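The values are calculated or read from the model by the stated rules, or taken from the named source; none is laboratory data. Model, not experiment: these values are computed from the prediction. In this analysis, Cβ positions are derived from the backbone assuming ideal geometry, glycine residues included, and neighbour counts consider all displayed protein chains. With ligands, DNA and RNA removed, areas are computed over all heavy atoms of the protein, side chains included. Shrake-Rupley method; radii C 1.70, N 1.55, O 1.52, S 1.80 Å.
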Amino acid sequence: MTKYNLPVGPQHPALKEPASFWFKVEGEVIVDVDIRLGYNHRGIEKACESRNYIQCLYLLERICGICSHAHTTAFAQGVEEILGLEIPARAKYIRVIIAELERIHSHLLWLGVAGHEIGFDTLFMYAWRDRETVLDILELISGNRVNYAMNTIGGVRRDIDQAKREQILGMLDPLAERVKFYTDLVTSEPTCLARLENVAPVPADKAVALGTVGPTARASGIKVDVRRDDPYAAYAEIPFEVITSERGDLLGRAIVRLGEIGESVKIIKYALQNLPEGPLTVKAPRKVAAGEAVSRVEAPRGEDIHYVRADGSDHPERVKVRAPTLANLFAVGESMKGAYVADIPIVIASIDPCFSCTDRMIELVQSRTGTSSVMTWEELREYGIRWYGHGHRS
Amino acid sequence: MSRVGRIFPELIRCLFSPPATVDFPKSEVPVPPDYRGKPVLIQEKCTGCGLCARDCPAAAIEMVEVGAKRPKPAFDYARCAFCAQCAESCRSDAIEITAEHHLAAYDKEGLRWVPRYEGTKEKPAES
């Protein structure tokens, strides 16, 4: 059978790590995947070296609009470690509350995107409508829907008072009800099952070998979670469960993410009810003495690592960021082998790389004759939906 | 475990519920009390120390000579990231974060604000 090269990408402006995928396809089956990284390099790490620590926080927050709190938490923790600062207990709890709200909003966003990619746009609309609840809570606490700017070196910038606490607790229960409904829906609706069940599975051994993190790893049965393995902020004091699934396929990733929303609601409730009294910040010096630190945070998509090196001035000497999508991309590439062209959008979207609003150009190049045809991302998505609609693999 | 039509009751319920969106600009979603909108300078309190300009992550604040003893901050709202760090860095509470968020302007100059020096009647230095 004729082999085709199917390039997807490289421009994915919504992604933290824009990637180009080159699929080698035989008919409908993907036989090989080549992932190329390094496009859309913004130079944020280098830019940090010419800004002071306060300015770096806001710059790093803009690495990603969805995991913004995870990035600032990781950076602030690193700097606090170099300074030898212990932040107040109240600040730790508020960091946890914001982080878990961010996880809920990220996972609901993912659910909507996944629904859209498989042609279930009703799910997309409903999930995003309910996601507004979380964004409203975040706006209530921080004054912003995204880029909450809650962290500062030595604590958090804003308090959650009693009135806000009651208001948030009242908003969480209806949200938890909705998430239960979505869990039931995704695991029973035939549309979801046809597109998610047993598609591109990553077995546990492969998930470890390829270094997956976060929900992608947990969906393959690997019980790995920075919040439990290396507790930061107030996670050591808050009881919660690490949700895993043995499935390894796309349905497993959906189950894990939806289960994590339920856990996040529990964590937020516990943290709000047990919010310790006290100050929000400890005074941090502007100049940081020479030293280095590695800081890990469980972002919604997985483990986020920041490395900070200080040289005694008021700006860092070096900042290095390893965002979770980088760790997950390769397992996804590997799991695609044997999958169908129609599965490409949902398999790439399954690791949550913010693919939603991008309209990509896809060029089909026939390797023997050199002829090519061009498809947009939207056309590929519709092709996938049509292909399944005609009863393939039913 | 596959069940057809699991979403139908939800669909029917949504047919009879009001839309989730509002008809902007006729009506709009109210902002919370602590909303981070346009930062505004309270000139009487400003000492001209420049701490706001030093910490602004977007370089939206520039210290300009207005004829006062020390330069005063001028805001470029086209650059502003609305992080409210300027208000936090200010030691004399001279920057207030307002709920103002309708900031559209016809040109870039419309988004720039330069303080006037209250001591004289001369126009502020435009740059």
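Working note: Cα gyration tensor of the stretch B:31-113, eigenvalues times five, square-rooted, sorted largest first, giving semi-axes of 20, 16, 11 Å.
The helix-based estimate of mean residue ellipticity at 222 nm for chain B, built from -39,500 (n - 2.57) per DSSP H run of four or more residues and divided by its residue count, is -3000 deg cm²/dmol to the nearest 500. Straight-line cross-link reach from residue B:108 at under 20 Å between alpha-carbon atoms covers these aspartates and glutamates, not counting any fewer than eight positions away in the same chain: B:62, B:76, B:100, B:126. Calculate what fraction, in whole %, of the accessible area of the protein assembly as shown sits on carbon and sulfur atoms when a 1.4 Å probe is rolled over the protein chains. That fraction is 53 percent. In order along the stretch A:52-66, the phi-based Karplus estimate (6.51 cos²θ - 1.76 cosθ + 1.60, θ = phi - 60°) of 3J(HN,Hα) comes to 7, 4, 5, 5, 4, 4, 6, 5, 5, 4, 8, 4, 8, x, 9 Hz; Gly and Pro are listed as x.
Database remark: amide H of residue A:313 closer than 5 angstrom to the amide H of A:288 (H placed geometrically; neighbours at sequence offset of 5 or more, or on other chains; Pro and chain starts carry no H).
The stretch between residue B:42 and residue B:3, if pulled fully straight at 0.36 nm per residue, gains 7.8 nm over its current Cα-Cα span.
Computed over chain A, the per-residue total of -39500 (n - 2.57) for DSSP H runs of n ≥ 4 gives a 222 nm mean residue ellipticity of -15000 deg cm²/dmol, rounded to 500.
Remark on residue B:64: its backbone amide H falls under 5 Å from those of B:72, B:74, a criterion applied only to residues 5 or more positions apart or on other chains, H modelled at 1.01 Å from N. Residue pairs exceeding 21 angstrom between C-alpha atoms, taken from B:38/B:72; B:38/B:69; A:223/A:337: B:38/B:69; A:223/A:337. Remark: accessible area buried at the A-B interface is about 2600 Å², both chains counted, probe radius 1.4 Å. Just to be sure I understand: with springs between alpha-carbon atoms less than 10 Å apart, which residue in A:116, A:41, A:315 has the highest mean-square fluctuation in the Gaussian network model of chain A? Result for chain A, Cα springs under 10 Å: A:41 fluctuates most.
Hey, which lysines would be in cross-link range of residue A:46, C-alpha to C-alpha under 22 Å, not counting anything within fewer than 8 residues on its own chain? In chain and number order, the partners are A:16, A:287, A:320.
Each residue of the stretch A:301-307 was assigned a 3J(HN,Hα) from its phi angle through the Karplus curve 6.51 cos²θ - 1.76 cosθ + 1.60 (θ = phi - 60°); the sequence is 8, x, 6, 10, 10, 10, 10 Hz, with glycine and proline shown as x. Accessible surface computed residue by residue for the protein assembly as shown, with neighbouring protein chains in place and a 1.4 Å probe, gives 44 Å² per residue. Quotient of the Cα radius of gyration of the protein assembly as shown and 2.2 N^0.38 Å, N being its number of residues: 1.05.
Across the stretch A:186-284, the fraction of Cα-Cα pairs farther apart than 25 Å, rounded to a whole number, is 33%. Within 10 Å of the Cβ of each residue in A:181-193, the mean number of Cβ atoms contributed by other protein chains is 3. For chain A, the longest principal axis of the Cα atoms and the long axis of helix A:324-335 meet at an angle of about 20 degrees. Here's how it looks for residue A:8: its modeled amide H is under 5 Å from those of A:21, A:22, A:23, which are all 5 or more places away or on a different chain. Can you give the FRET efficiency for residue B:96 and residue A:122, using 1/(1 + (r/R0)^6), R0 = 60 Å, r = Cβ-Cβ distance, to the nearest 0.05? With a Förster radius of 60 Å, E is 0.85.
Could you tell me the calculated FRET efficiency between residue A:273 and residue A:177, based on Cβ-Cβ distance and R0 = 22 angstrom, to the nearest 0.05?
On the way: r = 19 Å, r/R0 = 0.88.
With a Förster radius of 22 Å, E is 0.70.
Relative contact order of chain A, taken over Cα pairs closer than 8 Å and 6 or more residues apart, is 25 percent. Determine the distance separating the Cα centre of the stretch B:1-70 from the Cα centre of the stretch B:86-110; give it in Å without decimals. Cα centres, the stretch B:1-70 to the stretch B:86-110: 12 Å. Only Lys, Arg, Asp and Glu carry charge here, each on its Cβ (+1 for the first two, -1 for the last two); on that basis the stretch A:44-323 has a dipole of about 460 debye about its Cα centre.
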